[in-house]
């Protein structure tokens, strides 16, 4: 009997030990779940507290005359809380109201509920970007579908079909952007993917708001957390005032329609870009998020004319003869030239057995007449003299002198305009030519690079750089960094302008007057006549950029008026022939439209010819 009692006590102790051990294991596991398992913590928190994100309105963009360039359109995301769904709801009616099928419904309702991202107790996205008309029709029946609710958001739209390359477009964030944002973005958010939208994204996007609400274990709304003390309202993005003139932009786009090329116009004194056209272009609304953008984007990418390519800041072109005024300024400053010096042209430039043609015809000219007549021989000669200042065998010294001036003029580097993707063009240096002539031991001479003198060699500029060059001439020696946004606009309409500094070039002002007088003659008494405007002193220079792969390119830059200039412009039309054929008349029309607000009756035939010309039909 005593033995049986003793054995019973041992078994009881063993059972108690096992129970105690099991209890300790359960306590340990519970503590691990609550204190260490982030997935458990996240689900527990979501079961009690739900953070409802409220989205801000994106900042609007206005043109210089306060015309709206962008709008915000409301769209709705339909959310659902799985535990609150009515299993007997009229699924067919639900799908019909939203324009979806049963398969879509099933795929969007069933989630991987084991994943920490999802919880049956908190709202989850069912359908995104529902248009207002669908939302309005569905909202009347929302009470029939417990567990569903809407979340309001805004997306970008554009009231006009212009300035797509300037404005850019909005896109949905990807995983990489989310991870690099430091918590600013979450899945399903939108951001500026190109253009102004991208550069000014931190200013335009605003700040999200938060509303913390309590829900019970079934996901039902209980009330605000801490009476809403922890809530924060969404802060709308900042409105921006752009520098472009929408009406002038639209007119310039019409002139360049059915042509390949670009137009950039700048207000010289401020660096504000009035017009930036790249053609062919596209309607910015095609890439709006709620308009089946994927198909439109694919079409634009596959288009052989490359409408997504911004030729104003990304295409690199030989400038042609519009480079001659710049070379003249350098030669005047370096005392290679004086205003009185005469150089004789024999109808061509000769060196040993080589001949470089000149369309200006034979004659003896000073720098004024050389620019006016676009005499190649004159500029070949002064280019060689600059490069050979230290002797024929040391052209790298002279090239370094020229390049230092060109860098001061903003060439060989991006201008820093507030757009992504700007290229720097090309200013060839000694190392460039050493590589180019590696087969000759890296030796090169001024005569190897003679075409640079007339903008036909290895020098390449963007149209924006060309417009900035003529702005420098208009300003008699300085430029302000070209830009597309003037500043921020407060709700009461006041503008806080961004600070922009002047950049001066090391050329004496007296030399600019010589070149400007020559450019005025080039418009009114030479090849730039199609840009000449009665009563306005337009100063410009035509260029014809040789194209070894087809028709030459038509080039022109100008500014007006001569005194107190209001507009500086560069026009580059690909495969359009002489500078006088298309670039000059287009520039003249844009200048006239901006300064006079209309095209005179005497010049409407020029306007009609430019509007009707279709250079894309030419093989």
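For each of 104, 594, count neighbouring Cβ atoms within 10 Å of the residue's Cβ, then give the residues from fewest to most.
Ordered by Cβ neighbours within 10 Å, fewest first: 104, 594.
With a ≥ b ≥ c the root eigenvalues of the C-alpha gyration tensor of the stretch 384-522, is it rounded (a/c under 1.5), prolate (a/b larger than b/c) or oblate?
prolate
So what's the stretch 470-619 giving for Cα Rg divided by 2.2 N^0.38 Å, two decimals?
With N residues counted in the stretch 470-619, Rg over 2.2 N^0.38 Å equals 1.19.
Using only Cα atoms, tell me the angle between helix 293-302 and the longest principal axis of the chain; keep it within 0 to 90° and round to the nearest 10.
30
Rounded to the nearest angstrom and ordered from largest down, what semi-axes does the equivalent ellipsoid of the stretch 278-321 get from its C-alpha gyration tensor (root of 5λ)?
Equivalent ellipsoid semi-axes, largest first: 27, 10, 7 Å.
When 113, 444 are ordered from fewest to most other Cβ atoms inside 10 Å of their Cβ, what list results?
Lowest to highest Cβ neighbour count: 113, 444.
Put a dot 7 Å past each Cα toward the Cβ at residue 351 and residue 150; how far apart are the dots in nm?
Going by the 7 Å Cα→Cβ label model, 7.4 nm.
For the stretch 272-367, report the convex hull volume of the alpha-carbon atoms normalised per residue, in Å³, without decimals.
189
Round to the nearest 10 and give me the degree value, 0 to 90, for the angle of helix 395-408's Cα axis relative to the longest principal axis of the chain.
60
Set the Förster radius R0 to 56 Å, insert the Cβ-Cβ distance between residue 440 and residue 137 as r into 1/(1 + (r/R0)^6), and round the FRET efficiency to 0.05.
0.15
Can you give me the distance in nm between label points at residue 448 and residue 213, each placed 7 Å from the Cα along the Cα-to-Cβ direction?
Roughly 7.5 nm, to one decimal.
What's the ranking of 181-194, 61-74 by average number of surrounding C-beta atoms within 10 Å, highest first?
With the highest mean Cβ count within 10 Å placed first, the list reads 61-74, 181-194.
Stretch residue 564-residue 303 to full length: gain in nm at 0.36 nm per residue minus the Cα-Cα span?
89.7 nm
Show that you can apply the helix-only estimate: for the chain, add -39,500 (n - 2.57) for every DSSP H stretch of four or more residues, divide by all residues, and state [θ] at 222 nm to the nearest 500.
-10000 deg cm²/dmol, from helical runs alone.
Over all directions, average the projected area of the Cα convex hull of the stretch 295-421 and note it in nm². Don't skip to the end; give the middle numbers.
Values: hull surface 45.1 nm².
Directional mean of the projected Cα hull area for the stretch 295-421 stands at 11.3 nm².
Once the Cα gyration tensor of the stretch 152-209 is found, what semi-axes does its equivalent ellipsoid get, as square roots of 5 times the eigenvalues, in whole Å, sorted largest first?
21, 13, 10
Assuming 0.36 nm per residue, please report the length gained on full extension of the stretch residue 175 to residue 113 beyond their Cα-Cα distance.
Between residue 175 and residue 113, full extension yields 20.2 nm more.
Beyond 18 Å, how much of the Cα-Cα pair distribution for the stretch 383-442 remains, as a whole percent?
Cα-Cα pairs in the stretch 383-442 separated by more than 18 Å: 47 percent.
Stretched out fully, how many nm does the piece from residue 430 to residue 551 gain, at 0.36 nm a residue minus the Cα gap? Can you show the working numbers first?
Details: separation 121, 0.36 × 121 = 43.56 nm, distance 3.07 nm.
Result: 40.5 nm gained on full extension.
What per residue convex hull volume, in Å³, comes out for the stretch 50-242 when only alpha-carbon positions are used?
Hull volume over Cα atoms, normalised by residue count, gives 154 Å³.
Tell me the relative contact order for the stretch 50-242 as a rounded percent, counting alpha carbon contacts under 8 Å between residues six or more apart. Don't skip to the answer; put the middle values down first.
On the way: 353 pairs, mean separation 68.7, N = 193.
Once normalised by length, the contact order is 36 percent.
Ranked highest first by average number of other Cβ atoms within 10 Å, how do 125-138, 516-529 line up?
My ranking of the peptides, most packed first, is 516-529, 125-138.
Tally the DSSP beta bridges in the chain and give the antiparallel ones as a percent, rounded to 5.
Antiparallel bridges: around 95 percent, rounded to the nearest 5.
Percent antiparallel among DSSP beta bridges with both residues in the stretch 50-242, to the nearest 5?
Looking only at bridges with both residues in the stretch 50-242, the antiparallel portion is about 95 percent.
Report relative contact order for the stretch 264-417 in percent, whole number only (criteria: Cα-Cα under 8 Å, sequence separation at least 6).
14
Give the dimensionless ratio obtained when the Cα radius of gyration of the stretch 225-335 is divided by 2.2 N^0.38 Å.
For the stretch 225-335, the normalised Cα radius of gyration is 1.66.
On C-alpha positions alone, give me the angle between the axis of helix 246-255 and the longest principal axis of the chain, in degrees, nearest 10.
60
When only Cα pairs under 8 Å and 6 or more residues apart are kept, what is the percent relative contact order across the chain?
13
Using a Förster distance of 56 angstrom, determine the FRET efficiency expected from the C-beta separation of residue 95 and residue 339, and round it to 0.05.
Approximately 0.10, to the nearest 0.05.
What are the extents of the Cα atoms of the chain along their three principal axes, listed from largest to smallest and rounded to whole Å?
Rounded to whole Å, the extents work out to 138, 64, 47 Å.
Every number in this text was worked out from the coordinates using simple rules, so none of it is lab data. Not measured: the values here are computed from a predicted model. A quick note on method: Cβ atoms are made from the backbone with ideal geometry, for glycine too, and the neighbour counts reach across all protein chains shown.
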